[in-house]
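Below is one structure; the comments refer to it alone.
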Amino acid sequence: MKNSFSLMAGRLLIAAFGVILVAGSAGSLAFADETIPEGFKKGELAPLPAAEMIEAGKRVYFTKCVWCHGVDGAGDGPSADRLWPRPRNFNQGTFKIRRTASGELPLFDAKKPTPGQNDLFETLTHGLPGSAMPSWEGILTEEQRLQVLSFVTTQLVKDRKFDDKQSEAQTVLQLDDLKPVAATEESVKRGAELVVEKKCVECHGMEGRGDGNAFNLKDDWGFSIQPADWHKCWNFRGSRQDPYNVKNIFRTFSTGVNGTPMPSFADNSTVEERWHIANFVNSLCEREASGKPLPIDPLTDKPKINFVVSSGVVEGEIPVDPEHELWTNRARRYVAMGGQITHKPRNFVNRIDDIWVKSLYNDKHVVFMFQWDDRTKSVASEKLPWAPTEVNIAVKEQEPKTGEEGSIATRQNNYAVYNDAIAMQTAVKWKELPAPIKPRYLFGSNEQFPVDIVKWEADGSLRAFEGTGWDKDFAERDTYEENIKILHSEWNNGRWTVMIQRPLGNKKDQDYDEDTFFEMGQYIPTVFFAWDGHNGDAGRKMAVSAFYYTFLEPPTPREAYIYPVVIAFGVVLLEGWVLTRRSNKRKGKTL
Amino acid sequence: MKAFMSVVALIGAMGILLLAGMILEIVPSNTVRLVEGYMPMQILFELSLFVAGFTGLSYVLGTMGMPIPRFWQAIAFWSFILLYLKFRVYPPIPFSVRAMYGTVSLVAVFMWVSANEEDWKKFKQPIMNILDAQTGANKMLRYGYLVLLPILIGGFSYNSMVPKSEEPIELRTVHPAPPASTKVHGKTYTLQTSQNPFRVNAEGKYDQEYSNANIVEQGMGRLMKPNANPWDKDAQGYLKYVREGGEIFFQNCHFCHGDNLNGRGLHAFAFNPIPANFTDPGTIAQLQESFIFWRIAKGGIGLPNEGFPWASVMPPWEQHLTVDEIWKVILFEYWHTGYYPRTWD
């Protein structure tokens, strides 16, 4: 009885939702004339915020925002010249992430911080991942966020008026009423066809890594801009801290990104087509082998990090083909990369922000497979003007305050092109260092405890160096280079795959003082470096990781199969003893 | 009494519901924030609240004629603590620490159930019942246990013998002992006597009270005082230098320490240890300005061994900034977080 009642309630609920849905779509049908694209509805302009709100917002702005967005909101604060993308210039009223039709002002109502009805409030709450704009939730109260937006929209947006009925209109995407199409195989497949049909791939690249037409795109202010890499949904500006939610992609695709070459596709695609595309784009985002989304760290809004890169044991030869079963079944590790901003020349904008590492080993060698997204394949056209061992090279770092002319954003894609490269650094005499002491992450600490650096460059070279300090030139290790090998290196549709083989070390014919000994079952401190040649990366201008550990997984020892059985048997005996004792006691006998 | 106990019981029931929500990921575990620096006190407070709640709950259930046997009370309470530690506490604590707390609370639970002879008897009654297997159900249970226990224990031991890789735990000293003096750009600064030359009033005289009166307000948002805007064109002395310090901060430091000085900058996610959070009352609020001066000038590379100089990406800022610029950045950091620097007196 109880069951059938709850079943009935459930059905009623579903029916109720159905009615609402039908009503919603009927409503949009009724409105649909030529000017309103499918899935949108006419909205009302919100009234301007009260004067007190604006005044209070000024105080918030000059405490928190002015440092990037500047005194006049022109996106030219002190930080601007070293950021890419540059902070938003508010003056023109151009905002990227909106539910309103292309070109229109975003939704903002100082009295309504309702999710789904207030674009600017949501941007402030969730930040713009992949840029320097943080989430302000938990830092500013709801009230303060509304106040500062009141100030920005009325005082700093200068070319447009949020309540001007003559020139402004609001056509709002009914995102909450539209029912997503389930992400079935057919839907994803249809989406894959549509992104070619709609020419998405021209900018976003054949595999969606943002590598198509990557050099020529400019935003409204003339700065270079990159198409999004669909494989890193946590970097989507509009991900609203919920990167695997297909609705965010649907919204961006429907409304476009104002101020950038990304148009709205609302006029030339149906709602259903848009869901297919959104499903396809969402399906490309990196996932675990099981198909589950990567766990996202709520403190950083990036995938969670595990600092152990474990290497699997292989009997016999390690396969050279990255598509070999042993490689495809191998778990990969996400290695986060930050700019090298410790020593000059500092890399304030690193275009490589993560690499994926897999590793296998046998009795002689250990192989590392690095895969990372790089929109541009960069190979220096001429011989580099410095020796490979040189560390203090003549690459200048960005001046702090140059105005737009000399800013990093302007210089993008105008750098001299050097080689793409990747390197791994391991401690040489790590066994002599009492844990957790290690040589310094940046090219080692001194001659006593040097590091072993193996560097691959896109010109096809693989070199081994000894590093003895951040500003000391590398020492070349000629004999070692004969023992290391590139198994595979390929740039394909915005992704590098590089496989490097190196000896396990500490064999009789190798020099323990120079080479890292990869010992099974031990944690070997490892750091990764990456260079993007089109970003002008060379020498210390590069991306760096934190300290990771390489761990050669020992094969399961035979004892692991024997002892548990013995222990289980012991437990059975113990049980017998307890039971006999108890029953004897009850019968009045004592042992 | 009964009414009071019902209220207490309500707390207990709510606690269980909340935890269940957190385990099923319906309620995010940071709904009620654990305040940095006060986390242990807060956890102890919450747990004692729950203990009271559960006392009430068992009392109310008892008066309603549905008492929970002592045996199940003990097991339920212990598993509650384990689940609480795993799912409530955010950021998560490592397994080894949880295991320690788990053992301690197990001992506590045992002390509770064996407080007197009668309690202990009540506690072991269900175990004895199963050992004796007087009823059919108990017999089934006994056979179940007889088979399950060896399998489980065997499985656990296999699991612990299979090689695994867990990141080694490394404990670092966050505020290492400073040296007596530090040499920056050719000049020696004694940490005990050095003062920030830009902590001055409008007339240009060193004035701690003046600067303390003009820092941002504590409380949500940490906003500036209405009449102390460093971006004011007429700002003089302290406030003018705060702005200059802020400019340097936002050209150099925010990449790691973040736009809100909370250690969550653009590059922060890639680094370990994570950049210092200046809004935490445990960082710059605990330190003298001269200590910060030494840390900024020498960076990670200048840390003593217990501070993990090899892992820190903190630049030795003397390579990038002048002495004046360093002092101005310090001024800005205290202004923006609303903390007073510690002084020697």
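Just so it is clear, none of the values below were taken in a lab; they were calculated from the coordinates. In this text, all values refer to a predicted model and were calculated from it rather than measured experimentally. Cβ: placed from backbone, ideal geometry, glycine included. Neighbour counts: every protein chain shown.
Odds and ends about this structure:
- Interchain or long-range residues, amide H under 5 Å from A:LEU140's placed H: none
- Gyration tensor verdict on the stretch B:181-337 (Cα atoms; rounded if a/c is under 1.5, prolate if a/b is larger than b/c, oblate otherwise): oblate
- Residue-wise HN-Hα coupling along the stretch A:429-439, computed from phi with Karplus coefficients 6.51, -1.76, 1.60 (Hz; x: Gly, Pro): 9, 4, 6, 8, 8, x, 4, x, 5, 9, x
- Distances between placed amide hydrogens fall under 5 Å for B:GLU167 paired with no residue 5 or more residues away or on another chain.
- Over chain B, dividing the summed -39,500 (n - 2.57) contributions of all DSSP H runs of at least 4 residues by the number of residues returns a 222 nm mean residue ellipticity of -16500 deg cm²/dmol.
- Local charge for A:ALA266 was computed over the other residues whose Cβ lies under 11 Å away, with Lys and Arg +1 and Asp and Glu -1, and equals -1.
- Normalised by the number of residues in chain A, the average gap of Cα pairs under 8 Å and 6 or more apart makes the relative contact order 13 percent.
- The stretch B:2-113, relative contact order [Cα under 8 Å, separation at least 6], %: 35 percent
- Cα long-axis angle, helix A:246-255 against chain A (0 to 90 degrees, to the nearest 10): 40 degrees
- Here's the picture: charge each Lys and Arg Cβ at +1 and each Asp and Glu Cβ at -1 in chain A, and of A:THR376, A:THR328, A:ILE422 the one pushed furthest to the positive end of that dipole is A:THR328.
- Relative to the current alpha-carbon distance between A:GLN92 and A:THR184, full extension at 0.36 nm per residue lengthens the span by 29.0 nm.
- Here the stretch B:181-337 is assigned +1 on the Cβ of each Lys and Arg and -1 on the Cβ of each Asp and Glu. Its dipole about the Cα centre then comes out at about 180 debye.
- With viscosity 1.002 mPa s and temperature 20 °C, the Kirkwood radius over alpha carbon pairs of the stretch A:429-586 converts through Stokes-Einstein to a diffusion coefficient of 110 µm²/s.
- Each Lys or Arg adds one and each Asp or Glu takes one away; over the other residues whose Cβ falls under 13 Å from the Cβ of B:LEU82, this sums to +3.
- Between 0 and 90 degrees, the angle of helix A:559-586 with respect to the longest Cα principal axis of chain A falls at about 90 degrees.
- For the stretch B:106-123, backbone nitrogen atoms closer than 19 Å to the point 7 Å from B:GLN134 Cα along Cα-to-C-beta are found at B:118-123.
- Trypsin sites (Lys or Arg not before Pro) lying in DSSP loop within the stretch A:473-579, provided at most 15 other Cβ fall within 10 Å: A:LYS507, A:LYS508, A:ARG558
- Between the stretch A:528-591 and the stretch A:355-392, the alpha-carbon centres lie 34 Å apart.
- Computed magnitude of the charge dipole of the stretch A:410-477 (debye, nearest 20; Cβ of K, R +1, Cβ of D, E -1): 240 debye
- Degrees, to the nearest 10: A:2-31 long Cα axis against longest axis of chain A: 60 degrees
- Placing +1 on each Lys and Arg Cβ and -1 on each Asp and Glu Cβ, with no other charges, gives chain A a dipole about its Cα centre of roughly 2620 debye.
- Each of A:LEU128, A:ILE393, A:PHE215 was placed along the dipole of chain A (beta-carbon charges, centred on the mean Cα), and the one lying farthest toward the positive end is A:LEU128.
- A crude spin-label estimate for the pair B:LEU141 and A:ILE562, with each label 7 Å from Cα along the Cβ direction, gives 3.9 nm.
- In chain A, the ratio of gyration radius to Kirkwood radius, Rg to Rh, stands at 1.06 when only Cα atoms are counted.
- The distance between label points at A:LYS485 and B:LEU10 comes to 7.4 nm (points 7 Å beyond Cα on the Cα→Cβ vector).
- Across chain A: Cys residues that no other cysteine approaches within a C-beta distance under 4.7 Å: A:CYS65, A:CYS68, A:CYS200, A:CYS203
- Excluding exposed DSSP-loop trypsin sites (Lys or Arg not before Pro) (at most 12 other C-beta within 10 Å), longest clean stretch of chain B: B:34-163
- For chain A, calculated [θ]222 nm from helices alone, where every DSSP H run of n ≥ 4 adds -39500 (n - 2.57): -7500 deg cm²/dmol
- Point-to-point label distance, B:ALA20-A:GLU168, nm (Cα→Cβ direction, 7 Å offset): 4.8 nm
- Given charges at Cβ of Lys, Arg, Asp, Glu: the stretch B:100-211 dipole, positive-most of B:ASN159, B:GLN125, B:LEU141: B:ASN159
- Note, ³J(HN,Hα) from phi for the stretch A:464-481, Karplus 6.51, -1.76, 1.60, rounded to Hz, x at Gly and Pro: 10, 10, 10, x, 10, x, 5, 10, 9, 4, 5, 9, 7, 10, 4, 5, 6, 4
- Computed 3J(HN,Hα) for the stretch B:123-134, one whole-Hz value per residue from the Karplus formula 6.51 cos²θ - 1.76 cosθ + 1.60 where θ = phi - 60°, is 5, 8, 3, x, 5, 4, 4, 6, 4, 7, 6, 7, glycine and proline marked x.
- Taking a ≥ b ≥ c as the square roots of the eigenvalues of the alpha carbon gyration tensor, the stretch A:268-366 is oblate, as a/c is not under 1.5 and a/b does not beat b/c.
- Note on A:ASP321 and A:TRP356: the extension gain reaches 10.9 nm, defined as 0.36 nm multiplied by sequence separation minus the Cα-Cα distance.
- Ordered by the count of other Cβ atoms within 10 Å of each Cβ, fewest first, A:ARG59, A:ARG502 give A:ARG59, A:ARG502.
- Cα shape, chain B, gyration tensor, a/c 1.5 rule: prolate
- Computed FRET value (nearest 0.05) for A:THR270 with B:TYR90, which takes r as the C-beta separation and R₀ as 51 Å: 0.75
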